[in-house]
Amino acid sequence: MSTVLIKLLCALFPSGETQYNRDKLLQGQGIDTPLSDTGHLQAAAAGRYLRDLHFTNVFASNLQRAVQTAEIILRNNLHSSATEMVLDPLLRERGFGVAEGRPKEDLKNMANAAGQACRDYTPPGGETLEQVTTRFKKFLKSLYQRMLDDHCSSDPCSASSPGPSEPKSPIIAGLANDGVHGVPVHALIVSHGAFIRISVRHLVEDLQCSVPAGLKMSQVISRCPNTGICRFIITLSREKSSPRAIHIQCIFINRKDHLNEKL
């Protein structure tokens, strides 16, 4: 059995700001808005923060706010400007049905009327949490296969990768390259806020992802700021049927250090 360490830099999770974000309106899937001026600045700041990292693969939702964010990050990166970007509809924002285009306050009111927490409520015509989780699981499956096909087709990974029982603990120093050292495969993934919150919850609760000491579940499922960054290291096992994650480690969630610079 061979394994490979895959570094998933989930940046920007989510995309940069749009005018709908500024106006506190729901976008979901049906409203495909571009980045606002602030969104462009946020993405550029993230790109500069990550400029010294090398992304071997880039994936983005096919909604334009995510595509623009990924493009701006790559333009500001010193090593990845030529990396192919794969647009994947599986990374699209959660569908909010009849609530799309309406104030976020309307969604809260609908959830209250139904006696549910807003983040758990599904408006008519919207996607349930289970449906979004299923989309993310499909994306992970395709991601794992792509990583092994792209980087381990001739089995170069097994010799240098640790076994499943001995994952390396990365040094976390609050730097842009936290967790990157020694991980040769580095995927940049750009998606959207609600989708990311559900995905991270699946990684931690369902897949038993290890998290940094002291990180509370309320922080894990908290709202991610525009261009907030999440990072995970995934150890994959190449098996006969399909690749399988045998260890997932969270390096950080919702980091926003790049937003501290004046935009």
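Quick look at the values:
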item: Calculated FRET value between Asp23 and Asp257, using beta carbons and R₀ = 35 Å, to 0.05; result: 0.85
item: On Cα atoms only, tilt of 37-49 relative to the major axis of the chain in degrees; result: 20
item: Reachable aspartates and glutamates, given that their alpha-carbon falls under 20 Å from the alpha-carbon of Lys138 and they are not under 8 places away in the same chain; result: Asp88, Glu93, Glu127, Glu130, Asp149, Asp150, Glu205, Asp206, Glu239
item: Nearest-ten-degree value, helix 104-113 long axis tilted from longest Cα axis of the chain; result: 80
item: Max mean-square fluctuation residue, GNM over the chain, Cα-Cα springs under 10 Å, options Gly16, Gly126, Gly39; result: Gly126
item: Value of relative contact order over the chain, rounded to a whole percent, pairs C-alpha under 8 Å and six or more apart; result: 33
item: Charge sum, other residues only, whose C-beta stays under 15 Å from Ser61's C-beta, Lys/Arg counted +1 and Asp/Glu -1; result: +1
item: Within the chain, helix-based [θ] at 222 nm, where runs of 4 or more DSSP H residues each add -39,500 (n - 2.57), nearest 500; result: -8500 deg cm²/dmol
item: Alpha-carbon radius of gyration plus Dmax, which is the widest Cα pair, for region 46-109 in Å; result: 15.4, 46
item: Estimated FRET transfer efficiency when R0 is 22 angstrom, pair Cys118-Ile31 (beta carbons, to 0.05); result: 0.70
item: Theoretical FRET efficiency, 1/(1+(r/R0)^6), r = Cβ-Cβ of Ala82 and Arg48, R0 22 Å, to 0.05; result: 0.75
item: Gain upon complete extension [Glu130, Ser218; 0.36 nm per residue less C-alpha separation]; result: 29.7 nm
item: Shape call, the chain: gyration tensor on alpha carbons, a/c limit 1.5; result: prolate
item: Note, ³J(HN,Hα) from phi for region 50-66, Karplus 6.51, -1.76, 1.60, rounded to Hz, x at Gly and Pro; result: 9, 4, 8, 8, 10, 8, 7, 9, 9, 10, 8, 4, 8, 7, 5, 5, 6
item: Interchain or long-range residues, amide H under 5 Å from Gly30's placed H; result: Phe96
item: Whichever aspartates and glutamates have a C-alpha closer than 20 Å to that of Lys262, once near sequence neighbours (fewer than 8 apart) are set aside; result: Glu17, Asp37
item: Residues in region 227-258 reached by a label modelled at Ser142 [backbone nitrogen below 19 Å; 7 Å Cα→Cβ]; result: 242-245
item: In nm, spacing of pseudo-spin labels at Lys104 and Glu205 (7 Å Cα→C-beta vector); result: 2.0
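Quick note: the coordinates plus some simple rules give every number you see, no bench work behind them. None of these values were measured; they are calculated from a predicted model. Cβ atoms come from the backbone with ideal geometry, glycine included; neighbour counts cover every protein chain shown.
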